[in-house]
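Shown next, in structure tokens, is the structure this report addresses.
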Amino acid sequence: MHQDIIPLYAADIQDQLKKQFAYLSGGRGGDGCPVITFPDYPAFSEIPEKEFQNVLTYLTSIPSLRDAGIGFILVIDRRQDKWTSVKASILRIAASFPGNLQLVLVLRPTGFFHRALSDIAFKFNKDEFKMKVPIIMLGSVSELQGYIDKTQLTEDLGGTLDYCHNRWLSRRTAIEGFAQKVKQTAQILQSFGTELAETELPNDVQSTSSLLATHTEKKDKMKEDIRLAVEQGDDILGSITKPVTENPEYKLNQDQLDNQTTVERLLAQLHETEAAFDEFWIKHQQKLEQCLRLRNFEQNFREVKAALDIVSERLSAFTDVGNSCSHVEHILKDLANFEEKSHETIAKARMLASEGDAFIQSNHYAVDSIIPKCSELHHLCDAFTSETERRRNLLNKSLELHGLLEKSMKWCDEGIYLLASQPVDKCQSQDGAESALQEIEKFLDTGAGNKIKELNKLYREYAHILNEDLKEHVQKVFQKQESMEEMFQKRQVSLKKLAAKQTRPVQPVAPRPEAFVKSPCTSPGLQREYVSNSESSALRRVNYRRGKSEVTELHQSRGGSTMDDEENLAVLRQHVINELIETERAYVEELLCVLEGYAAEMDNPLMAHLISPELQNKKDILFGNMEEIYHFHNRIFLRELENYVEYPELVGRCFLDQMEDFQIYEKYCQNKPRSESLWRQFSDSVFFQECQRKLDHKLSLDSYLLKPVQRITKYQLLLKEMLKYSKNCEGAEDLQEALTSILGILKAVNDSMHQIAITGYDGNLNELGKLLMQGSFNVWTDHKKGHSKVKDLARFKPMQRHLFLHEKAVLFCKKREENGEGYEKAPSYSYKHSLNMAAVGITENVKGDAKKFEIWYNAREEVYIIQAPTPEVKATWVNEIRKVLTSQLQACREASQHRTLEQTQSLPLPASSCATPSRNHIRNTKKMDERKADLASLEGYGTTVAPKYPEKGKASPTSPDKKAKRHEVVSDPTPFGLRGWAKTSHSLDASEENDGWSSAEDPLNSSDAEEEGGGGGGEMKLTPGKYTVVTDYEKGVSEEFTVKSGDLVQLIREGEDGLWSVKNLSTGREGWIPANNLLMLIGNSKSAQSLSSSESGTASSTLSTSSSCSDSCNASSTSFSDIKG
């Protein structure tokens, strides 16, 4: 009967099962019959026949075939129903029940009337209930328990069986869904296995690698699906056995046991399917990996084969056997160099052949394709080695032959020299002749080891190297040897005759001098000179390893826990530290490569002929302090980094410990413009091309010279990445501090690059202290003293100025754009003037413009209105200037307290010398007004005083009035003029000062007329004399009259309208210059005729430094103006 019913699933009829007009509680009868309960359901008769049939069919399909075959027990609860409904229910169930029935138990209505009616009706209508099983009418639950045990009945039937319909329904849905999942997984795995088996293997590395990655990704997805299915089954099994786990005495009913068995069977089936798939995948993956290795092997074989063909072709070019010993030695050296260069190719070929042999040993599926390639590689390597050895032996034989020939030639030359050097007159006597004869015989005895004995034997011995030229050379040497021996024989005959007893005088006849050579060297006719085809050079091998960072993908599983997230972060941190260390190693090796392959070669004598004279001795300019950077990274920083490979989150400490050493990059970057300029001049040099060829670099030197700049900027990126993955780790604070420090170094490097572009500053910029800020601004000036036209221009026309804020001074420069490439295109900054920070005050807000602030000097004798690009830039500068002034004020206060303490313990000391080293007298008087300052309130800073002694880059001469006043006032013993702090002589209101600048809120076109023609602070009485010009001037009354910085000029006389007659002693020209302009031109230069000792002292005082509080606190203090919001 079951075979004719289409299987149903709980998910398909879930809504029908939820009505619970019939359910399978899991209870069993005495012989194991499943119990189906029909509870009291008022709308039983209204249930559609299709739904009724589906529910009964599904419930009867759940028990095992064995239990279902015994038959079902139906419990029909109609205690709250009428007899007519009971009758209809029984008839409907009897007509529609799809399974075997064992027994039908009916709980009849409990009402008296319906009970009696049911008894009577049942007896008279018994035939209507004709069923294959008996129907028993029960009056109570206790009677029901007589047929079914209490433990097999649910609580609504007076039993103890634990049953929840919703739980049962969800469990049945889960089990059936799991079964479908297992079936679906098995089908997918089978389909995927078929796909893998039918896949054709690619013929190239990239396609094979891509196919392996694709299949691996699909396999991982399959494995993930299987894992999720196993988790689903484990969860269902756990929910079934949960009551037993919680209460060991709890016993599962038969349906629960059947469910447990079903889930366990499905899990076992799933594991078997997974194991079969894993076994298949291992074989498939092995085949793909073998294919990938084969494709790599084939690709490497093609590359190595091409390289072997090249070296074999080059080896075949070594055909020359040389024409002299030096020539042969040179060829041997070239052959050795070539062999050394080819060693890497041969090593690769042998390694590749060994790799192929390993494939063969491991039973690779493509053995038939690998064996011929391995054989060819072995043959080519052996052929190259044997051919190289053969060439070397030939050259050694050639060297041996040339050695014999040169020995023979040398012996012949010495013999000829001997014959030529024997004096003829001495040989005329018997003793002289005998002595000469002995010399000749002694020399001939030395020929045994020097001369060629048998020419034919020599031909046979060296036949394999004798070419036409060499054979001709051998014949000439042998002929020379025979000629020399013939000469010796003739001389011997002559000398023997002379040595015999002579009876009469014999007129001696000397041999013709032209027959002999008077120097022991090769005769001109036989001397051979050979020029080497190639020059030997010392090659330095550079081991250069390229760090490769291993990149892996991080797969996050569904519903990962916090622990998984932390593990993922740990993996990411490890990736960052690995990249940091690997790139650091590569960086160190690149630096070493440059230092050995380029820098060291500039000192190599063998390479000196390739270096142009203009490039010699320029190594320090080209490479800067790269060697210092290399030693720091190689000896210190890289080793320290490697200690943190297991603790990447703590790497910030490594940076902090070495932060001071990173300052060396500032020096390198400052030298970079000079280095790049030098490189552009000589980038086409043969020397650099030869070095690049030896190193086998694809990029030229300038790319490697940029590496340090790129590296110092790379650290902050890696630190940011590490910090992102280490926010909750122990070293997060160190990482943040390290990042801040590295960014500070980058800023300092950037600022220093601007600072070195300053031109025209007469002094040492390092003496101004640390560079704090730099930037471009619009600047207006307002000086109390100066030419009226200059003052008017200053109010309306802003100047474009680039300001450099140091700890001790602020510099005003004019930015000048340069034309060129690279660093030569960078702007330069022409120095204009500077303000000593010890004499500076600020007004933070200028009415009408939030981007403006004031820097005023010497109690507002000079006021500079600064307009920043943005309010944020203004705030940054104001804060930095405030910090400088506050620190100076604090230092002055401490020095004042210290001096006050000294004065209370001892007699007052004379004032410190403020004169320049050329002035030895000490000033004991000060100007009282210059000790007093404006009383200003500054939030958070208290009351401060502005100094009255300016020290600018171009100091203004002091007027005679001020000179007199300074010498009239007795030195005030109160440190820093503290009396002036308590009570000031006048007060300045910032708002009143600012009201006058409303007309200048909108900046006009930039004009620098005021800076070129305007003077500075005070007025100085000009006197005729000679002065040195400190700045250029081209705006005289006569357009042809100009003066340049450094020119020596003579002031002749003062004319009308404030003009002075001036003669330029450097050019001989004369012209008229306004007095105010003249004051600016001669600056602080002095004339011996015009300056008295008093004036000289005053000028020195004006220009003396006041940055040191311990020496000049009586003459300097710091002041702020009121801040108006």
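The values are calculated or read from the model by the stated rules, or taken from the named source; none is laboratory data. What you are looking at is a predicted structure, and each value in this text was computed from that prediction instead of being measured. Here the Cβ positions follow ideal geometry from the backbone for every residue, glycine too, while neighbour counts run over all protein chains shown. Remember, those area values only see protein heavy atoms, side chains included, never the ligands or the DNA or RNA. Shrake-Rupley method; radii C 1.70, N 1.55, O 1.52, S 1.80 Å.
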field: Candidates 357, 413, filtered to the one that is surrounded by 13 or more Cβ atoms within 10 Å (Cβ to Cβ), without any contact (Cβ under 8 Å) to a residue 24 or more places away in the chain and acidic (Asp, Glu)
entry: 357
field: Residue tally, condition closer than 23 Å to residue 61 by Cβ and either over 56 Å from the mean Cα position of the chain (by Cα) or among the hydroxyl-bearing types (Ser, Thr, Tyr) (or both), over the range 247-277
entry: 12
statement: Per the filter on the range 766-810, residues at pLDDT 85 or above, buried (at least 16 other Cβ atoms within 10 Å of the Cβ) and within 22 Å of residue 1030 (Cα to Cα) are 768, 781, 799, 801, 802, 803, 804, 809, 810
query: Give me the pairs: first residue in the range 216-239 and within 16 Å of residue 273 (Cβ to Cβ), second residue exposed (fewer than 13 other Cβ atoms within 10 Å of the Cβ) and hydroxyl-bearing (Ser, Thr, Tyr), beta-carbon distance under 9 Å, and six or more apart or on different chains, which are they?
result: 224/557; 227/557
statement: The residue that is surrounded by the fewest Cβ atoms within 10 Å (Cβ to Cβ), considering only those in the range 134-187 that are under 16 Å from residue 62 (Cβ atoms) and charged (D, E, K, R), is 167
Strands (runs of 3 or more DSSP E) fully within the range 1-118 counting 2 or more residues that are at pLDDT below 85 and touching an Asp or Glu at 6+ places or on another chain (Cβ under 7 Å): none
- prompt: In the range 844-857, which residues are over 17 Å from residue 889 (Cβ atoms) and either crowded, with 22+ Cβ neighbours inside 10 Å or over 44 Å from the mean Cα position of the chain (by Cα) (or both)?
  reply: 846, 847, 848, 852, 853, 854
- request: Within the range 214-247, track down each residue that is open to solvent by 60 Å² or more (accessible area, probe 1.4 Å) and within 30 Å of residue 298 (Cβ to Cβ).
  value: 217, 218, 220
query: Are any of the residues in the range 191-204 of a type in the set (Val, Ile, Thr) and crowded, with 16+ Cβ neighbours inside 10 Å?
result: no
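Just to be sure, is residue 43 under 60 Å from the mean Cα position of the chain (by Cα) and open to solvent by 10 Å² or more (accessible area, probe 1.4 Å)?
Taking the combined requirement at face value, the residue does not satisfy it.
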field: Lone qualifier among 486, 482, 461 - being at pLDDT 85 or above, among the acidic types (Asp, Glu) and loosely packed, with under 11 Cβ neighbours inside 10 Å
entry: 486
- prompt: List, please: which pairs have Cβ atoms under 8 Å, are six or more places apart or on different chains, and start with a residue in the range 338-353 that is more than 20 Å from residue 374 (Cβ to Cβ) and end with one that is outside any helix (DSSP H, G or I)?
  reply: 338/318; 340/539; 340/541; 341/539
statement: Taking the range 295-319 and keeping residues in a helix (DSSP H, G or I), touching a helix residue (DSSP H, G or I) at 6+ places or on another chain (Cβ under 7 Å) and of a type outside the set (Gly, Ala, Ser) leaves 295, 296, 297, 299, 300, 301, 304, 308, 311, 314, 315
task: Among the residues of the range 1043-1060, write down those that are assigned to a loop (DSSP other than H, G, I, E, B) and either touching an Asp or Glu at 6+ places or on another chain (Cβ under 7 Å) or farther than 15 Å from residue 1076 by Cα (or both).
output: 1044, 1045, 1046, 1047
query: Can you find even one residue in the range 1064-1073 that is among the basic types (Lys, Arg), loosely packed, with under 13 Cβ neighbours inside 10 Å and at pLDDT 75 or above?
result: no
